[in-house]
Amino acid sequence: MHPTSDATPIGQRYLDACEQIAACARASERPDDDVRLLCVSKTRTAEEVRAAYAAGARDFGENYLQDALPKLDRLASLEDIQWHFIGRVQSNKTRQIAGRFDWLHTLDRPRIARRLNEQREDDRPPLNVCLQVNLHHESQKAGCPAEALPDLIATIAELPRLRLRGLMVLPATSVDPAEAFASLRALHAQLSVTGAAGDYWDTLSMGMSGDYHAAIAAGSTVVRLGTAIFGPRTPAAGA
């Protein structure tokens, strides 16, 4: 996509981010469109989301259901919009995630996977899921330890209303993000070789505003950008 003179500030930032992501992909000898831009719209208004949508954005990420659901209702008329849940999943929220979202990036437990499968309607496409990996066994952070991934994948293989797409990581603050991204890519490739992950194993959700260049260099297929698109948050909009 190319910047246009009549774009809103949010639209222009979205277009600029698309150009930067494409340039990063080219620098890694990948196609321009090899990396998907997920606009992190948590705490943002429906009008802000609409401005990004008007510029071409279709993928939006939400962390908090109480903030997201009214927004999903207000924007229900927008065609081909894709809603991604990227926050921590609590058991009492699975029904709404299963019913309202297209993607979940933070699946990390078999019990949650089973609940999502039970609560996804038969007439909807399977819920696309990525497994959040806790690479460094951080006790304060959600995520599945790498060694437990085969069992979680085996559980999901038996759940027809879930479609396993790949892996997601939030790097530990004590670790070089590039190291974490390289580790996740290696893990993704290892699981791909086994074939257990299925036919849709194509996604590496890694990289945010401060480190997406390194993530793309390491093979990311989805980067999650918030303030780079919507600008700094105001106190009224949330911290």
- With all protein chains modelled, accessible area of D32 [1.4 Å, Å²]: 80 Å²
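Between H137 and R74, take the C-beta separation as r, use R0 = 35 Å, and let me know the FRET efficiency to the nearest 0.05.
Numbers: r = 40 Å, r/R0 = 1.15.
Between H137 and R74 the formula returns 0.30.
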- Message: Ignoring everything except DSSP H segments at least 4 long, calculate the 222 nm mean residue ellipticity for the chain; use -39,500 (n - 2.57) per segment, divide by total residues, nearest 500.
- Response: -11500 deg cm²/dmol
- Solvent-accessible surface (1.4 angstrom probe) belonging to T43, in square angstrom, nearest 10: 30 Å²
- Roughly how much of D176 is accessible, in Å² to the nearest 10, using a 1.4 Å probe? 90 Å²
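For the range 1-103, just say rounded, prolate or oblate: build the C-alpha gyration tensor, square-root its eigenvalues into a ≥ b ≥ c, call rounded for a/c under 1.5, and beyond that prolate if a/b exceeds b/c, oblate if not.
Details: a/c = 2.59, a/b = 1.55, b/c = 1.67.
Because a/c hits 1.5 or more and a/b fails to exceed b/c, the range 1-103 counts as oblate.
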- Query: Taking a 1.4 Å probe, which of H188, H137, H84 shows the most accessible area, and what order do the others take after it?
  - Reply: H137, H188, H84
- Query: Can you give the extra length, in nm with one decimal, that the chain gains between Q190 and A172 once fully stretched, where that is 0.36 nm per residue apart less the Cα-Cα distance?
  - Reply: 4.3 nm
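Please work out whether the chain counts as rounded, prolate or oblate from its C-alpha gyration tensor, where a ≥ b ≥ c are the square roots of the eigenvalues and a/c under 1.5 means rounded, while otherwise a/b larger than b/c means prolate and anything else oblate? Spell out each step's value before the answer.
Working: a/c = 1.63, a/b = 1.20, b/c = 1.35.
The shape class here is oblate.
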- Message: Using DSSP to call loops (not H, G, I, E or B), can you name the GluC sites (Glu not before Pro) in the range 1-93 whose Cβ has at most 16 other Cβ atoms within 10 angstrom?
- Response: E29, E79
- Query: How long are the three semi-axes of the equivalent ellipsoid for the range 112-239, computed from the Cα gyration tensor as the root of 5 times each eigenvalue, in whole Å, largest first?
  - Reply: 26, 20, 14
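The values are calculated or read from the model by the stated rules, or taken from the named source; none is laboratory data. The structure displayed is predicted, hence computed values, not measured ones. Using ideal geometry, Cβ is built from the backbone for each residue, glycine included, and neighbour counts are taken over all protein chains shown. Surface accessibility is based on the protein's heavy atoms, side chains included, excluding ligands, DNA and RNA. Shrake-Rupley method; radii C 1.70, N 1.55, O 1.52, S 1.80 Å.
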